[in-house]
Amino acid sequence: MPAPFSGGCLCGAVRYQCTAEPFATVYCHCRDCQHASGGPASTVVMVPKAAVEVTRGAVRSFTKKSDAGGDVTRQFCADCGSPLFSVLESSPELLVIKAGSLDDPSWLSPSMNIWTDSAQPWAHIADDLPNIPKNPG
């Protein structure tokens with residue numbers, strides 16, 4: 001996994017850089033990720049929050065209670081709406097980066113599926129990965 005790596009939103013108003021290697025890349029099938037991604041799951045990269053710097057622009061935030069009961073703050077571009085990050089109340093030292101926002105997501109190798117109890121029956125779930133029915137944390 002290449003560090004540093006960078007990314008940003010669709011319109012280019014927000015840019016970020018991460019200086020740490022991700023400690024996990026997962027497919028999240030919770031209903032909130034389905035809403036936020038517009039698809040059956042979100043592919044996310046988990047990194048230390050302190051390793052990420054927004055180098056251009058500013059993000060807007062929306063906070064909601066997760067299925068696990070804690071606050072999840074989703075951050076996105078105020079101009080184009082591209083989803084960028086999530087911050088979990090249960091793990092404030094963690095930043096969840098939306099894989100689609102990476103400049104080059106080709107190096108990602110997701111290690112598991114989480115919240116598979118919420119997965120849509122028509123969504124393909126990789127059989128060669130662990131499937132966690134609820135939040136693993």
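The values are calculated or read from the model by the stated rules, or taken from the named source; none is laboratory data. Source: prediction; values computed, not measured. Here Cβ is always computed from backbone atoms with ideal geometry, including for glycine, and neighbour counts include all displayed protein chains.
The residues in the range 4-14 that are in contact with a helix residue (DSSP H, G or I) (Cβ under 8 Å, 6 or more places away or on another chain) and small (G, A, S) can be counted, and the count is 2. Residue selection: Q17 satisfies the criterion of being buried (at least 16 other Cβ atoms within 10 Å of the Cβ) and either at pLDDT 95 or above or in contact with a helix residue (DSSP H, G or I) (Cβ under 7 Å, 6 or more places away or on another chain) (or both). Looking at the range 47-62, can you tell me whether even one residue there is surrounded by fewer than 17 Cβ atoms within 10 Å (Cβ to Cβ), modelled with pLDDT of 95 or more and of a type in the set (V, I, T)? Yes, there is a match, as at least one residue in the range 47-62 is surrounded by fewer than 17 Cβ atoms within 10 Å (Cβ to Cβ), modelled with pLDDT of 95 or more and of a type in the set (V, I, T). Just for the range 1-46: of the residues that are in a strand (DSSP E or B) and among the polar types (S, T, N, Q), which one is nearest to G69 (Cα to Cα)? Only one residue fits best here, namely S42.
Against the numbered list (1) over 22 Å from P130 (Cα atoms); (2) outside any strand (DSSP E or B); (3) modelled with pLDDT under 95; (4) of a type in the set (A, V, I, L, M), A68 comes up short only at (1). Checking each residue of the range 93-101 against the condition of being over 14 Å from the mean Cα position of the chain (by Cα) and polar (S, T, N, Q) gives no match. Looking across the range 87-116, the residues that are surrounded by 13 or more Cβ atoms within 10 Å (Cβ to Cβ) and assigned to a helix (DSSP H, G or I) come down to A99, G100, S101, P105, T116.
A count restricted to the range 22-35 and to residues that are in contact with a strand residue (DSSP E or B) (Cβ under 9 Å, 6 or more places away or on another chain) and surrounded by fewer than 17 Cβ atoms within 10 Å (Cβ to Cβ) stands at 2.
Determine which member of the set G38, G12 is surrounded by fewer than 17 Cβ atoms within 10 Å (Cβ to Cβ), modelled with pLDDT under 95 and closer than 15 Å to S101 by Cα. Result of the check over G38, G12: G38. Checking each residue in the range 68-95 for being in contact with an Asp or Glu (Cβ under 7 Å, 6 or more places away or on another chain) and over 27 Å from G12 (Cα atoms) picks out G70, D71, E89.
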